[in-house]
Amino acid sequence: MKTLNKTLALIALASSSAAFAASDFDALDVDGNGAISQSEAAVDAELMSIFSELDTDQNGELSKEEFSKA
């Protein structure tokens with residue numbers, strides 16, 4: 001029974017981690033317009049430190065494609 005509980009806990013942890021990683025963009029895209037603005041990115045210091053580098057088209061926003069390179 002303990003092995004089953006541990007296995008289920010590991011499966012739950014792995015699936016929740018994958019779901020969290022997939023939702024990072026959506027969580028940061030507060031207004032839901034499909035892009036992360038600098039003001040939306042400001043809540044994440046690490047993202048802000050590389051924002052200009054990721055914003056390859058220099059439009060002041062990160063698309064999902066640009067964000068995925070983080």
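If you sort ASP26, ASP55 by accessible surface, 1.4 Å probe, largest first, the order is ASP26, ASP55. Heavy-atom accessible area with a 1.4 Å probe sorts GLU46, GLU66, largest first, into GLU46, GLU66.
Given the Cα-Cα distance of GLN58 and SER39 and 0.36 nm per residue of separation, how much length would full extension add, in nm?
On the way: separation 19, 0.36 × 19 = 6.84 nm, distance 1.51 nm.
Separation in residues times 0.36 nm, less the Cα-Cα distance, equals 5.3 nm.
The heavy atoms of ASP57 offer some 90 square angstrom of accessible surface to a 1.4 angstrom probe. When the surface is traced with a 1.4 Å probe over the full set of protein chains, SER49 keeps roughly 90 Å² accessible. Residues whose amide H comes within less than 5 Å of that of LEU62, counting only those at least five positions distant or on another chain, are ILE36, SER37 (H built at 1.01 Å from N in the peptide plane).
The values are calculated or read from the model by the stated rules, or taken from the named source; none is laboratory data. Worth saying up front: this structure is predicted, and the values here are computed from it rather than measured. All accessible areas refer to the heavy atoms of the entire protein, side chains included, with ligands and DNA or RNA removed. Shrake-Rupley method; radii C 1.70, N 1.55, O 1.52, S 1.80 Å.
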